[in-house]
Amino acid sequence: MGVAAQLPDELGTELLDIARQAFTDGLRLTAAISAVLSIAVAIVASILLKDVPSQSETLGNDKADAGDKQGGMPAKAQPAHD
C-alpha cells in the first residue's frame, strides 16, 4: 500500500486492485487445498481404523478373557445355582 501511494493515482489504484485480487485468489486456493486435505485425512483415518475395536468392545472382551482364565465362565454367562 505504501508503494501504491507513491504512484500516480490511476496506476496506484490499479496496483492495489491487482494486489487485493492476488491475495483473495491465494486465500481461496489455500482454503480449497485445506478442505481437500482434510477430507483425504478423514478417509485415510477411517480406512486405517476400520478394523480397530472400540473401547467398549475391548473392555467386554477383557472381562470374558478374565472369566476364562479363572476356569469359569464370564459373570454374565454363568448359570444360576439353586
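Quick note: the coordinates plus some simple rules give every number you see, no bench work behind them. All values reported here derive from a predicted model rather than from experimental measurement. Cβ: placed from backbone, ideal geometry, glycine included. Neighbour counts: every protein chain shown.
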| field | Difference of contour (0.36 nm per residue) and Cα-Cα distance, residue 57 to residue 36 | value | 4.3 nm
| task | Starting at the first residue of segment 44-53, write each ³J(HN,Hα) from the Karplus equation 6.51 cos²θ - 1.76 cosθ + 1.60 with θ = phi - 60°, in whole Hz, x for Gly and Pro. | result | 4, 4, 5, 5, 5, 9, 4, 9, 7, x
| query | What list of ³J(HN,Hα) couplings, whole Hz, do you get for segment 32-43 from phi and the Karplus terms 6.51, -1.76, 1.60, once you set θ to phi - 60° and write x for glycine and proline? | reply | 5, 5, 4, 5, 5, 5, 5, 5, 5, 5, 5, 5
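If we sort 34-43, 14-23 on the protection proxy, mean other Cβ atoms within 10 Å, highest first, what's the order? Spell out each step's value before the answer.
Working: 34-43: 10.0, 14-23: 11.8.
So the order, starting with the most tightly packed, is 14-23, 34-43.
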